[in-house]
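Right, one structure below, let's go through it.
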Amino acid sequence: MKNLLFVSIIVFFTTCHPAVYKGFKPLPHSQQITEINYPAFDSTIIWNTGFELFNNYFSGLLAIKPVNDTTYRMIFTNQIGMKFFDFQISGEHFIVHHCFSAFQRKAFLQMLENDFRLLLFPTIDNPHKVLFSHDFLLYKTSTNNYLVAKNTHNLVCIEKTGLINRKLQLVFCDYKNKLPQKIYIKHYNIQFSIEMKVLNQ
Amino acid sequence: MLIKIHKRNIFLTVLACVFILSTKAQPAGFTTMKNTGGFKQKLTQVNQKTQTIQSDFVQEKHLDVFAEDIVSKGKFWYKKHNKLRWQYTHPFNYLIVINGENISIKDDKKVNRFNSSSNKVFKQVNQMMTDIIQGNIFSNTGDFSFNYFENATHFLVIMSPKSKDMKEFLQKINVYFDKNDLSVSRLTMDELSGDYTNITFTNKKMNQAISDEKFIVR
């Protein structure tokens, strides 16, 4: 059932343009949810992670550790233990402690910084429109769309949109104890995606 | 008085440096190997007799910033010459198969195939993995420098990479040989940052038949 929801969200968002939101109706202010469950990255989690970049696929283990309330340390190694990158990220700063030379491309690092900042610090700031369907609430801000499950209040998708097309999508699936067990990040203007699954040791 | 203190500080600093250098040069619990030539000769003899190896392994990845190591388990099969199946079974599925110059890597999602001859680092890592597992480490004198130690139960060979590409991943590889049969019982791969990967081999079986099918990924 969870997988079905995951697949349906992916299919929904990958096959439709933003115009599909015309199916959503404006939500009366009295029915808006004030408490949204954002993914809780509040302990060290190891993620089984795959990156796909221009037909190159590489996988490994991504460890994300909260250093304090506003900062995370992220280390990616392959399964054999070779360390590819070691970043520290907060709302304002991005420190590269280590990065394998092949990955040291400004555009690539910038993309990772933006993606992981959106992943780790999601907030719905001043939505100018809130819509609803049977299962979801849709919060639209000037830059992003946020999809929230009506029954659980869990944030299930963030979508970054341009004037015409979507640019980026983050999908959060299978929540357990406020933590999504699967996360899918897909770029639409560049062939780049990240798939993360919680590694149960 | 100032001069005296200064001299004493210099003496203490020099003493500390000597201590640090000596402890770095000689791993704790080990002394410099007495008969390096004899060890190499015996190892060569064992290698010549070894046709296949299979073993279970436990890998511990230590990252200084994390409290707990990442522990993974699996099995490997080696067959002369240059055939290796390295398979993680817990807590993830991941398979590396080296068959000559062909490398196949399979995870839950897909199979990637490479030819190590097209990539220098791949070729070095491929060579390093098969050579270490086989105990045939001295064929790599161009890529590594070696230091030799021993204690009551183990010979320890410390391999330090020479190439810049390898140094990016590894500061040194410590290979522990069991004194009973000269099989590799443990590997530690140290990084410059202080992080390391420790692999312990158990349940080793030598020279048992392994089908060539084991080294084909479909």
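Each value in this text was obtained by applying a stated rule to the coordinates, not by laboratory testing. These figures come from a predicted structure and were not determined experimentally. Cβ sites come from the backbone with ideal geometry, for glycine too, and all protein chains shown count toward neighbours.
Points worth noting:
- Among the residues of segment B:74-97, those identified as without any contact (Cβ under 8 Å) to a residue 40 or more places away in the chain and within 12 Å of chain A (Cβ to nearest Cβ) are B:Gly74, B:Gln87, B:Tyr88, B:Thr89, B:His90, B:Pro91, B:Phe92, B:Asn93, B:Tyr94, B:Ile96.
- Some residue of segment A:128-138 being within 12 Å of another protein chain (Cβ to nearest Cβ) and farther than 18 Å from A:Ile36 by Cβ: no
- Residue among B:Phe146, B:Phe201, B:Phe177 that is hydrophobic (A, V, I, L, M, F, W, C) and more than 24 Å from B:Val58 (Cα to Cα): B:Phe146
- Scanning segment B:180-214 for residues that are touching a residue at least 40 places away in the same chain (Cβ under 8 Å), in a strand (DSSP E or B) and among the acidic types (Asp, Glu) yields nothing.
- Taking first residues from segment A:188-201 that are more than 11 Å from chain B (Cβ to nearest Cβ) and partners that are of a type in the set (S, T, N, Q), the Cβ contacts under 9 Å between residues at least 6 apart in sequence or on separate chains come to A:Tyr188/A:Thr14; A:Tyr188/A:Asn165; A:Tyr188/A:Gln169; A:Asn189/A:Asn165; A:Gln191/A:Asn55; A:Ile194/A:Thr49; A:Met196/A:Asn48; A:Met196/A:Thr49.
- Which numbered condition A:Lys176 misses (of (1) surrounded by fewer than 19 Cβ atoms within 10 Å (Cβ to Cβ); (2) touching a strand residue (DSSP E or B) at 6+ places or on another chain (Cβ under 6 Å); (3) of a type in the set (Lys, Arg)): (2)
- Contact map, segment A:79-100: first residue on the phi < 0 side of the Ramachandran plot and without any contact (Cβ under 8 Å) to a residue 60 or more places away in the chain, second residue outside any strand (DSSP E or B) and small (Gly, Ala, Ser), Cβ cut-off under 9 Å, separation 6 or more or different chains; pairs are A:Lys83/B:Ser193; A:Phe84/A:Ala102; A:Asp86/B:Ser193; A:His97/B:Ser193; A:His98/B:Ser193.
- Of the strands (runs of 3 or more DSSP E) lying entirely inside segment A:84-170, those carrying at least 2 residues that are of a type outside the set (Val, Ile, Thr) and either more than 24 Å from A:Ile45 (Cα to Cα) or within 17 Å of the chain's Cα centre (by Cα) (or both) are A:129-132, A:136-140, A:144-149, A:155-161.
- Failed condition for B:Leu170, given (1) part of a loop (DSSP other than H, G, I, E, B); (2) more than 13 Å from the chain's Cα centre (by Cα): (2)
- Of the residues making up segment A:50-73, those that are surrounded by 20 or more Cβ atoms within 10 Å (Cβ to Cβ) and more than 8 Å from every other protein chain (Cβ to nearest Cβ) number 5.
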